[in-house]
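Undergrad: Below you will find the structure I want to go over with you.
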Amino acid sequence: MRRTDSIEETRGVVRYWREHGHSVGLVPTMGFLHEGHVSLIRRARVDNEKVAVSIFVNPIQFGPGEDYESYPRDLERDLSVLSEENVDLVFIPSPEQMYSKEHFVYVDVESLGDVLCGAQRPGHFRGVCTVVAKLFNIFRPDRAYFGQKDAQQLTIIMQMARDLNFGVEIVRCPIVREPDGLALSSRNAYLSEKERKAALVIPRSLSLARNALENGERDAGRIRIIIAGEIEKEPLACIGYVEVVDASSLRPVERIDRPVLAAVAVKIGPARLIDNFMYPEDS
Ligand code: AMP
């Protein structure tokens, strides 16, 4: 596995692949890799001749008081996961490599960015889109892989790829969960044993909502109440948001008469966790 930390060297490796006619799949991550990331890498491996992974905890997507400094990092472990997955290239830039002192241009997100996580983390998606745009320009991949776990991020990246004509196919990958239902997340590392148990209220609340939908409930307000009511039973959980939104526009709906995304953000101890499901599932 080739490891790079400079943009120029990375471009050189990818240029060489291209000259040899290889297709390139990119999996952007912030490291502290888990089976969710691995699922993206395996999908990229199926679709492409060369697979590149980036590991970069992107400072500009964290707001003041968020967990940029304490975000979990374990480079040695990440490298061994990636070499076991036969990744061809891992790009691990420094913040200075990605953002010079004279960095003045950012990617702004309009309507999709001001709801759900965007409403609670101002500037978050501007930071995400800016770094993903930079990675797309550095790698010029054929395809890039993102998890449905971060549903709003995925929707915004798809929109960005379209609006800014990146010519990159964005591949949506399903949420990978622990056997007990908790969605895998690097931030699960923040949870104590007690908080880890309390966090199960998140998938439990979502499956209650999914059952109600499958039994014919079409009132989005009722679905929100089912989810919030279950989460509120857990004393260690504090709701950030519980929303049922149109799966494409991410605007709140009243009646569930089109594909929707039910999405939550919940603070459990020090961890802000997000989870969601689409209904119908394959929408
Ligand atoms: P992160 O390192 O948290 O920025 O995540 C990198 C990529 O992995 C993003 O596209 C995430 O949506 C995706 N991802 C994170 N957790 C999961 C999961 N549990 N299942 C599927 N994809 C995930």
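Undergrad: Could you grab me the full set of residues in segment 95-154 that are more than 13 Å from the ligand (Cβ to nearest atom) and among the polar types (S, T, N, Q)?
TA: Gln97, Ser100, Ser111, Gln120, Thr130, Asn137
Undergrad: Identify all residues within segment 14-48 that are part of a loop (DSSP other than H, G, I, E, B), in contact with a helix residue (DSSP H, G or I) (Cβ under 6 Å, 6 or more places away or on another chain) and either open to solvent by 30 Å² or more (accessible area, probe 1.4 Å) or more than 15 Å from the ligand (Cβ to nearest atom) (or both); write none if there are none. Outline the logic, then answer.
TA: Let us first name the residues in segment 14-48 that are part of a loop (DSSP other than H, G, I, E, B), namely 20-23, 30-34, 48.
Pick out the ones that are also in contact with a helix residue (DSSP H, G or I) (Cβ under 6 Å, 6 or more places away or on another chain) and you get 31-33.
Within segment 14-48, just Phe32 meets the criteria.
Undergrad: Shifting gears a bit: Which fully enclosed helices (runs of 4 or more DSSP H) of segment 49-124 have 1 or more residues being more than 26 Å from Leu164 (Cα to Cα), open to solvent by less than 40 Å² (accessible area, probe 1.4 Å) and not aromatic (Phe, Trp, Tyr)?
TA: 75-84
Undergrad: Sticking with this one: Kindly indicate which of Leu208, Leu236 is in contact with a Gly (Cβ under 7 Å, 6 or more places away or on another chain) and not small (Gly, Ala, Ser). Write out each step before concluding.
TA: Values: Leu208 fails: in contact with a Gly (Cβ under 7 Å, 6 or more places away or on another chain).
Selected residue: Leu236, the only one of Leu208, Leu236 that is in contact with a Gly (Cβ under 7 Å, 6 or more places away or on another chain) and not small (Gly, Ala, Ser).
Undergrad: If I filter segment 32-53 for residues that are in contact with a Cys (Cβ under 7 Å, 6 or more places away or on another chain) and either closer than 15 Å to Val128 by Cβ or not hydroxyl-bearing (Ser, Thr, Tyr) (or both), do I get at least one hit?
TA: Yes, because at least one residue in segment 32-53 is in contact with a Cys (Cβ under 7 Å, 6 or more places away or on another chain) and either closer than 15 Å to Val128 by Cβ or not hydroxyl-bearing (Ser, Thr, Tyr) (or both).
The values are calculated or read from the model by the stated rules, or taken from the named source; none is laboratory data. None of these values were measured; they are calculated from a predicted model. For neighbour counting, all protein chains shown are included, and Cβ atoms are generated from backbone atoms with ideal geometry for every residue, glycine included. For accessibility, only protein heavy atoms count, side chains too; no ligands or nucleic acids. Shrake-Rupley method; radii C 1.70, N 1.55, O 1.52, S 1.80 Å.
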